[in-house]
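See below for the structure under consideration.
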Amino acid sequence: MKKIVFSLLLLSLFVSNTFSQGNFGQTQNLIHSDNKLYHFGFILGFNAMDFNVTHAGVADSDGRVWYAEQTSFSPGFTVGIITDLRIFSFLNLRFTPALMFGDRTLTFIDQDKGNVNDVAVRTNVINFPLLLKFRAQRYANCRPYLIGGASATLDLGRRREDIILLKQNDFGIEFGVGCDFYLPYFKLAPEFKMFLGMSDILERNRPEIVNIADLKYTNAISKLTSRLFVLSFNFE
């Protein structure tokens with residue numbers, strides 16, 4: 001997880017540095033764009049999904065205690081839309097719903113015998129963030145900003161037959177940094193955000209499980225919360 005987050009940050013810094021060294025200080029572009037009451041845009045980006053696991057320490061029917069960790073995952077794709085409302089010169093209100101595709105794998109380990117079982121968790125999430133965008137003073141054609149607020153998610157990828165089943169709804173906080181680059185015809189903003197889920201998203205009521213032994217994976221977890229890391233490119 002740390003390697004993916006570090007790679008996303010490096011990519012964001014590289015893109016920001018590339019734009020900031022261009023010919024953005026010679027002529028100011030889109031000089032009236034920040035005075036609009038509202039505007040729209042779209043989002044393209046990448047994401048990495050993670051779990052924060054709290055172990056239960058409960059033994060299964062065979063007396064074995066399992067614990068879980070996320071050892072592997074695949075970077076996913078993000079696409080969304082932007083609705084931006086200007087409150088005053090340094091503060092905007094933004095609603096940026098996005099569809100995120102990704103996969104996560106939980107590895108369950110028997111702490112006594114060292115047995116290892118991998119359980120894949122497919123995740124297709126619609127994210128609904130309502131955010132405040134705090135903008136710094138514009139310098140030439142660059143304007144850095146901070147962003148933060150609340151967010152809710154809707155999981156569309158869950159299947160009732162999955163060994164680990166996530167609840168459909170989650171909520172949490174979202175925050176990040178970015179920089180607006182004013183190009184001749186539009187603004188491009190590399191942005192790095194993090195979503196921290198606040199609720200337990202593990203579904204524990206599993207009457208549809210055929211193999212009762214599979215319930216040991218659900219019972220091994222006391223609490224499961226979600227974390228999302230997103231590197232996006234906003235076109236406005």
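None of the figures in this text is laboratory data; all of them are computed from the coordinates on show. Remember, predicted model here, so these are calculated numbers, not experimental data. Positions of Cβ are generated from backbone atoms using ideal geometry, with glycine treated the same way; all protein chains shown enter the neighbour counts.
Summarising the overall dimensions of the chain from its C-alpha atoms, the Rg and Dmax are 21.1, 72 angstrom. Note on the range 25-65: Rg/Rh from Cα positions, Kirkwood definition for Rh, rounded to two decimals, is 1.53.
Basic side chains Lys and Arg get +1 at the Cβ, acidic Asp and Glu get -1 at the Cβ, and with that the dipole of the chain about its Cα centre reaches some 720 debye. Between the range 196-236 and the range 46-113, how far is it from one alpha carbon centroid to the other, in angstrom? One Cα centre to the other: 8 Å. For Gly157, the amide hydrogen comes within under 5 Å of the amide hydrogens of Asn124, counting only partners 5 or more places away or on other chains and with H modelled in the peptide plane. Grouping the Cα pair distances of the range 152-236 into 5 Å bins from zero gives a pair-distance distribution of 3, 12, 18, 15, 13, 11, 9, 7, 5, 4, 2, 1, 0 percent in increasing distance order. Working note: 222 nm ellipticity from helices only, DSSP H runs with n ≥ 4, each -39,500 (n - 2.57), summed and divided by the residues of the chain, gives -3000 deg cm²/dmol to the nearest 500. When the charge dipole of the chain is built from unit charges on Cβ atoms (+1 for Lys and Arg, -1 for Asp and Glu) and taken about the Cα centre, the candidate among Ile164, Gly176, Leu202 whose Cα reaches farthest toward its positive end is Gly176. Taken over the range 2-235, lysine pairs spaced eight or more positions apart, or on distinct chains, with alpha carbons under 20 Å apart number 9. Distance between the modelled labels on Leu132 and Phe77, one decimal in nanometres: 3.6 nm (7 Å Cα→Cβ projection).
Local charge for Ser89 was computed over the other residues whose Cβ lies under 10 Å away, with Lys and Arg +1 and Asp and Glu -1, and equals +2.
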